[in-house]
Amino acid sequence: MAKYDLAIIGSGPGGYVAAIRAGQWGLKTVVIEKDPFLGGTCLHVGCIPTKVLLHHAEIYDTFKRAEEFGFTVKDCKVNWDAILARKDKIVKKHSKGIEFLFRKNKVESVSGWGRIAGPGRVAVEKDGKITEIEATNIMLATGSEARSLPGVTIDEKTILSNRGVLTLPAIPKTLVIVGCGAVGVEFASIFRSFGADVTLLEMLPKAVPLEDEEISVELEKAFRKKGIRIELEAKVESVTKDSKGASVSFTDKTGKKQTVAAEKVLIAVGRRPLTENIGLEKTKAKVERGYIHAGPYLETDEPGLYAIGDIVAGLPQLAHAASMEGIIAVGRMAGKAVPEFDRRRVPNATYCEPQIGSIGLTERQAREAGYQVKIGKFPFAANSKASILGQHEGFVKVVAEEKYGEVLGVHAIGPLATEILAEPVTAVSLEATLDDMMFTIHAHPTVWEAMGDAFNAVRGLAINA
Ligand SMILES: Cc1cc2nc3c(=O)[nH]c(=O)nc-3n(C[C@H](O)[C@H](O)[C@H](O)COP(=O)(O)OP(=O)(O)OC[C@H]3O[C@@H](n4cnc5c(N)ncnc54)[C@H](O)[C@@H]3O)c2cc1C
């Protein structure tokens, strides 16, 4: 029987990053993956393919504004097959990249369904054959799948999840998206740019419900301007397929029944953890509604068993969170000095147009937590680089604590918001104060300067507004 220091089940951004770090720190590591490729949801049907499509949509949007930028472009046509082919090429390249990094760091990978067989033992099932692996530590990184609505069957042809929507043979003329979270708004942005008539239905009273209220309002405004229909407080009752596509029936916020027909319907109502049939019943790990409880080093109640990524109770389902959880857990196993995983330091990035980047407390959360809150806001309309880019929508909002100037949260919507987010992530991680940030020199001209102005705006000292 093969013996390892660490066996990881799942090769998503949680599992593969943990494996590479384990290899770097000298742990003999094996990764078990059920799919015929490495990289998980994020690389194959999540972060990467969606961002490829968003980038293509952005290029197309720029072509549509060619005259404004001084170009005459005749007959600009979308070649959907070529766009999908480029997406697939990028995904494949990066999946091969993980294989290379595994070889470089002496990480082994085994194909098959992984399951805990007992303390320190993992069974791998492939084509009806079971082999066993022995490992001092086991890490579960099995990720998640899209949820559906009660009574709604996703067929990936008409009623789609994130999987089917990424391989559509053509751009649909009409698309209904159920769910206004990050996944829903990113696909709304992509398909609206490519000309689809898009309707977004959201059960809660605001779009991107986890974001600061002002960010949600700004996104709703920008989306409506683009021609995306948004129905908030819409309770979807049924999705019925017919010869033309499907009809979605919902009760709107006034209590009126409405039906909207579309060629395709995307269900984007969240993700469920993939923790069935992985042998958890043989362990002391605490499992609640499919999510595994883990401590600050991602350790479960079963000695030597760790859980990371989308399957962990109470942690955000994000690739960068999964990766850092893996790094911290592996550091613990290798006896390194690593910090506890702190969920308050996990940034959120939504790559729709306009982009959203945020970290820390929203204004409402800060007030509810009892802080004396001070707000600084700066609009991209007053930022010179935003003028150069021709992208004036949105703002940066800083939520700070009045007395000591602690930076509690930063929320940006607008050009490159997901990139300039790196600054407040560092600020929050290093517990920088408002005064530190006010004296940080921001390169000129950059959209990042809007963030500098927002920090200054908390004290009423923004230069450009
Ligand atoms: C459309 C979409 C867009 C997204 N965009 C972003 C984004 O831009 N940024 C971001 O941070 N997050 C994004 N996410 C979320 C991100 O994809 C997930 O948070 C991330 O993939 C979770 O990583 P993970 O390692 O926990 O699991 P996964 O990536 O789901 O990987 C789990 C792996 O485990 C394998 N597996 C499962 N069970 C077994 C088993 N029993 N045996 C062997 N192998 C098994 C699976 O095949 C899979 O390869 C997006 C998600 C979606 C759906």
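On the basis of being at negative phi and without any contact (Cβ under 8 Å) to a residue 60 or more places away in the chain, does K221 make the cut? The answer is yes for K221.
Within the range 23-51, residues that are at positive phi sit with their Cβ atoms under 8 Å from residues that are more than 6 Å from the ligand (Cβ to nearest atom) and not in a helix (DSSP H, G or I), at 6+ positions apart or across chains, in these pairs: G26/A334.
In the range 276-287, the residues that are free of Cβ contacts under 8 Å to residues at least 60 places away in the same chain form Cβ pairs under 8 Å with partners that are surrounded by 11 or more Cβ atoms within 10 Å (Cβ to Cβ) and charged (D, E, K, R), at six or more places apart or across chains, as follows: K284/D301; K284/E302; A285/D301; A285/E302; K286/D301.
Quick grid of which residues meet (1) in contact with a Pro (Cβ under 6 Å, 6 or more places away or on another chain); (2) small (G, A, S); (3) near the ligand (Cβ under 8 Å from one of its atoms):
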residue	(1), (2), (3)
A7	no, yes, no
Y16	no, no, yes
I20	no, no, no
W25	no, no, no
G40	no, yes, yes
K51	no, no, yes
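Restrict the check to the range 133-145 and report whether at least one residue is more than 15 Å from the ligand (Cβ to nearest atom), more than 30 Å from A182 (Cβ to Cβ) and of a type outside the set (S, T, N, Q). Looking through the range 133-145, at least one residue is more than 15 Å from the ligand (Cβ to nearest atom), more than 30 Å from A182 (Cβ to Cβ) and of a type outside the set (S, T, N, Q). Among residues of the range 244-261 that are within 13 Å of L232 (Cβ to Cβ), those with a beta-carbon under 6 Å from a residue that is among the aliphatic types (A, V, I, L, M) at least six positions away or on a different chain give the pairs F250/L201; F250/A234; F250/V236; D252/A234. Of the residues making up the range 70-86, not a single one is modelled with pLDDT of 95 or more, out of contact with any strand residue (DSSP E or B) (no Cβ under 6 Å at 6 or more places or on another chain) and within 14 Å of the ligand (Cβ to nearest atom). Of note, A349 satisfies the criterion of being in contact with a helix residue (DSSP H, G or I) (Cβ under 9 Å, 6 or more places away or on another chain), aliphatic (A, V, I, L, M) and buried (at least 16 other Cβ atoms within 10 Å of the Cβ).
Taken together, the criteria exclude I59 from residues that are more than 21 Å from the chain's Cα centre (by Cα) and within 20 Å of L140 (Cβ to Cβ).
Criterion first (within 13 Å of the ligand (Cβ to nearest atom), touching a Lys or Arg at 6+ places or on another chain (Cβ under 8 Å) and of a type outside the set (A, V, I, L, M, F, W, C)) does G46 satisfy it? Answer is no for this residue.
The values are calculated or read from the model by the stated rules, or taken from the named source; none is laboratory data. Predicted model only: the values in this text are computed from it and were never measured. All Cβ positions, even for glycine, are placed from backbone atoms using ideal geometry, and neighbour counts span all protein chains on display.
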